[in-house]
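Peer 1: Sharing a structure below in structure tokens format, with a few things to ask.
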Amino acid sequence: EAGVTQSPTHLIKTRGQQATLRCSPISGHTSVYWYQQALGLGLQFLLWYDEGEERNRGNFPPRFSGRQFPNYSSELNVNALELEDSALYLCASSLAGQGARETQYFGPGTRLLVL
Amino acid sequence: QQPVQSPQAVILREGEDAVINCSSSKALYSVHWYRQKHGEAPVFLMILLKGGEQKGHEKISASFNEKKQQSSLYLTASQLSYSGTYFCGTETVDSWGKLQFGAGTQVVVTP
């Protein structure tokens with residue numbers, strides 16, 4: 001069974017541009033979570049989508065947004081990129097959203113570099 | 001609020017045991033444990049739920065003290081493959097679905 005997939009693997013942007021990151025969950029999973037991991041740091045919760053709806057978001061500015069499509073894949077958009085947005089962005093998926101009471105499986109991540 | 005993990009780092013010889021602790025200032029719904037190797041995605045180890053349910057790998061053991069809002073991960077008879085950074089993620093009762101991760105515990109197992 002295929003795991004969580006993310007694209008692209010690497011993304012280089014300049015300050016002020018927009019970045020779009022994509023995630024495909026494990027088949028049968030309806031919840032998708034996004035995390036930011038800055039170099040050498042822990043994971044910071046960004047967003048949780050379930051059944052197409054945003055269920056919760058972390059302490060990030062509104063320029064971090066996303067959506068979940070009918071096939072449960074998800075997109076994370078980061079507008080007006082800043083240098084400190086450079087990080088590994090991880091997507092995770094789980095079975096139907098019972099909060100975080102289901103195991104989350106992580107994808108390989110997208111490494112975003114903002115110059 | 002971010003949970004607190006301890007210790008920050010531990011060095012073990014193969015076969016030795018270690019305990020990693022994770023504590024929260026708020027009541028918890030769930031605690032998740034992951035191991036991440038350099039340059040790789042976090043790998044699921046165990047989830048512990050309020051009420052006592054646990055799901056995880058057979059070779060990993062952990063405890064969840066709901067009253068103390070703490071969890072511990074036990075690395076027993078460590079192997080070289082146990083090296084990596086261990087993260088606990090906690091879901092508090094006032095933030096449904098939002099996993100807050102600790103800063104991580106770096107574990108190095110030497111021959």
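All of the numbers you see were taken from the coordinates with simple rules; none came from a lab. Small disclaimer: the values here were computed from a predicted structure and weren't measured. FYI the Cβ positions are ideal-geometry reconstructions off the backbone, even for glycines, and counts take in every protein chain you see.
Peer 1: Neighbouring Cβ atoms within 10 Å as the yardstick, rank A:Lys13, B:Lys55, B:Lys68 fewest first.
Peer 2: Working: A:Lys13 16, B:Lys55 13, B:Lys68 9.
Ordered from fewest to most neighbouring Cβ atoms within 10 Å, A:Lys13, B:Lys55, B:Lys68 come out as B:Lys68, B:Lys55, A:Lys13.
Peer 1: B:Asp17 label point, 7 Å along Cα→Cβ, cut-off 20 Å on backbone N: hits in the stretch B:52-69?
Peer 2: Under cut-off, by backbone N: B:57-65.
Peer 1: Sorting B:Leu28, B:Leu73 on the 10 Å Cβ count, fewest up front, what's the list? Present the calculation step by step, with values, prior to reporting the outcome.
Peer 2: Details: B:Leu28 22, B:Leu73 25.
The order, fewest Cβ neighbours first, is B:Leu28, B:Leu73.
Peer 1: Can you sort B:Val31, B:Val109 from fewest to most other Cβ atoms within 10 Å of each residue's own Cβ? Show your work: numbers first, answer last.
Peer 2: On the way: B:Val31 29, B:Val109 20.
Result, fewest neighbours first: B:Val109, B:Val31.
Peer 1: Starting from the exponent 0.38 and prefactor 2.2 Å, build the expected Rg for the stretch B:4-110 from its residue count and divide its actual Cα Rg by it. Spell out each step's value before the answer.
Peer 2: On the way: Rg = 13.2 Å, N = 107, 2.2 N^0.38 = 13.0 Å.
Expressed relative to 2.2 N^0.38 Å, the Cα Rg reads 1.02.
Peer 1: Over every pair of different alpha-carbon atoms in the stretch A:5-95, take the mean of 1/r and invert it; report that Kirkwood radius in Å. Could you put the intermediate results ahead of the total?
Peer 2: Working: mean 1/r = 0.0754 Å⁻¹.
Kirkwood radius, the stretch A:5-95: 13.3 Å.
Peer 1: Here's another thing I want to ask about it. Mean projection of the alpha-carbon convex hull of the protein assembly as shown over all orientations, in nm²?
Peer 2: Details: hull surface 48.4 nm².
Computing the convex hull of the Cα atoms and averaging its projections yields 12.1 nm².
Peer 1: What FRET efficiency comes out for the pair A:Phe69/B:Gln2, r = Cβ-Cβ distance, R0 = 35 Å, nearest 0.05? Don't skip to the end; give the middle numbers.
Peer 2: Details: r = 31 Å, r/R0 = 0.88.
Efficiency for this residue pair is about 0.70.
Peer 1: Got a sec? Which residues in the stretch B:12-37 would a label at B:Thr110 touch, if it sits 7 Å along Cα→Cβ and we count backbone N under 17 Å?
Peer 2: What the label zone holds, given the 17 Å backbone N cut-off, is B:12-18.
Peer 1: Ok, one more. Within the protein assembly as shown, how many Lys pairs sit with Cα atoms under 30 Å apart, leaving out pairs fewer than 8 places apart on the same chain?
Peer 2: 26
Peer 1: Would you please give the FRET efficiency between A:Ser7 and A:Glu51, computed as 1/(1 + (r/R0)^6) with r the Cβ-Cβ distance and R0 = 30 Å, to the nearest 0.05?
Peer 2: Working: r = 23 Å, r/R0 = 0.76.
Calculated value: 0.85.
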